[in-house]
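Visitor: This is the structure I want to talk about, given as structure tokens.
Each reported figure results from applying straightforward, stated rules to the coordinates on display, with no laboratory input. Keep in mind that what you see is a predicted model, and the values were worked out from it rather than measured. A quick note on method: Cβ atoms are made from the backbone with ideal geometry, for glycine too, and the neighbour counts reach across all protein chains shown.
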Ligand code: FAD
């Protein structure tokens with residue numbers, strides 16, 4: 001059994017800590033905030049740079065807005081033996097508000113005995129091999145903030161990275177963006193609609209946050225517009241919020257405040273909200289290039305978890321996109337815990353590298369950009385089933401089938417209502 005550091009006490013870090021602890025590992029969780037729950041801890045503060053471009057800004061971790069209700073049925077958002085059906089804060093809806101998930105994660109941490117494993121207020125600033133050439137000695141340097149500043153370095157035999165993927169904004173670039181005189185922010189810094197009262201607002205993007213924020217602002221703003229690359233009738237059919245004016249992407253922004261779209265039309269707006277996603281970001285990780293982020297591809301990672309040349313002592317939980325996050329993190333955490341204890345064995349470094357290369361090749365053959373590397377195929381659950389196969393636990397396969405069916409039924413119901 002190993003002494004392991006888990007970075008982050010969000011949904012992924014909590015379930016990773018539980019699985020490692022259950023497997024007999026000695027676990028320390030570093031959490032820079034003062035609470036468990038990560039993303040789910042609503043924080044009304046807005047960063048000093050609302051676009052999140054300044055690397056020196058004081059980072060607010062969460063991207064949660066006040067009105068957010070979950071976009072997945074609650075039956076799919078819990079753990080295999082700890083479902084999100086009770087232990088919340090009393091919001092019984094199938095798609096509850098964010099407070100319900102935070103309370104659920106608090107209860108999970110308490111009931112699983114995790115709280116005493118967590119060092120709150122400890123920001124990890126460096127993770128590096130303590131001894132050159134060895135995989136099993138990792139220096140974890142941390143700092144505390146507030147009134148009692150302290151710093152230190154502890155050495156661990158393994159590090160599990162669970163720092164979340166929705167904190168470092170990715171913005172839309174177009175000519176004139178930086179000199180456009182209006183207000184610009186990223187959805188990471190959107191909290192409440194009141195500041196947009198009587199304003200003309202343009203939302204860029206067509207994802208869940210874009211649609212949610214457009215709807216949130218609509219009752220307050222003078223007009224809400226939405227621009228995106230995807231404006232085919234099929235896409236608009238599903239994602240166009242009623243009452244929101246639709247446009248293709250911005251071609252240029254003018255210094256007189258005018259925004260010109262790719263179809264030549266133009267409008268004058270007060271605010272642009274970039275709902276354009278996030279970048280993976282591991283500012284503390286020093287691996288001398290053994291793990292890097294290029295065009296949002298974290299790599300090389302065997303099955304999105306282990307960098308072959310540092311496996312199994314460095315691992316990442318929660319990287320894949322388009323999965324049920326709690327389920328994904330639990331399955332990955334179980335795998336990591338069992339590989340670290342030696343109960344499961346990874347292929348050789350060469351075999352893991354060729355698996356990664358095959359995956360990259362498939363992405364290239366499909367003509368997809370690098371940033372699709374961690375996108376799972378929606379609704380197929382092949383990756384999750386592969387993890388269950390590694391773990392050899394049929395009950396988890398049933399859990400996957402059950403949650404997939406529930407989600408399908410509920411989505412059908414929502415669409416037809
Ligand atoms: P996070 O929750 O981001 O936790 C990461 C933790 O790491 C944080 O506590 C952070 O403080 C800590 N940390 C980061 N850096 C450091 C450091 N250097 N040192 C120490 N600690 C550090 N999922 C759903 O299932 N359903 C939904 O409806 C849903 N809606 C969402 C809506 C929004 C707006 C967003 C942003 C996400 C949503 N998600 C949803 C996805 C959500 O991210 C996951 O459910 C889940 O919270 C991911 O947990 P995580 O632990 O991987 O990351």
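Visitor: Measuring from label point to label point, each 7 Å out along Cα→Cβ, what is the residue 414 to residue 402 span in nm?
Guide: Calculated label separation equals 2.1 nm.
Visitor: Right, here's the next one. For segment 300-396, count all C-alpha to C-alpha pairs, find those more than 24 Å apart, and express that count as a whole percent of the total.
Guide: Every Cα pair in segment 300-396 considered, those over 24 Å come to 18 percent.
Visitor: Further, regarding this structure: Give me the extension gain from residue 242 to residue 141: residue separation times 0.36 nm, minus the current Cα-Cα distance, reported in nm with one decimal.
Guide: Working: separation 101, 0.36 × 101 = 36.36 nm, distance 4.96 nm.
Length difference between fully extended and current span is 31.4 nm.
Visitor: Per 0.36 nm of contour for each residue apart, how much would the distance between residue 26 and residue 94 grow if the chain were fully extended, relative to their Cα-Cα spacing?
Guide: Between residue 26 and residue 94, full extension yields an extra 20.8 nm.
Visitor: In segment 307-325, which residues have a backbone nitrogen under 15 Å from the label point lying 7 Å from residue 349's Cα in the Cα-to-Cβ direction?
Guide: Backbone N within reach: 307-314.
Visitor: Further question on the same structure: For residue 58 and residue 115, calculate 0.36 nm times their separation in residues minus their Cα-Cα distance, and state this gained length in nm to one decimal. The partial results should precede the final answer.
Guide: Details: separation 57, 0.36 × 57 = 20.52 nm, distance 2.58 nm.
Full extension from residue 58 to residue 115 adds 17.9 nm.
Visitor: Using a basic spin-label model with each label point 7 Å from the Cα along Cα→Cβ, how many nm lie between residue 382 and residue 255?
Guide: Those two pseudo-labels are separated by 5.3 nm.
Visitor: Compute the helix-to-body angle for 208-217: its Cα long axis versus the longest principal axis of the chain, expressed 0 to 90° and rounded to tens.
Guide: Value to nearest ten degrees: 40.
Visitor: What spacing in nm lies between the two simple spin-label points modelled at residue 49 and residue 268, each 7 Å away from Cα in the Cβ direction?
Guide: 3.1 nm
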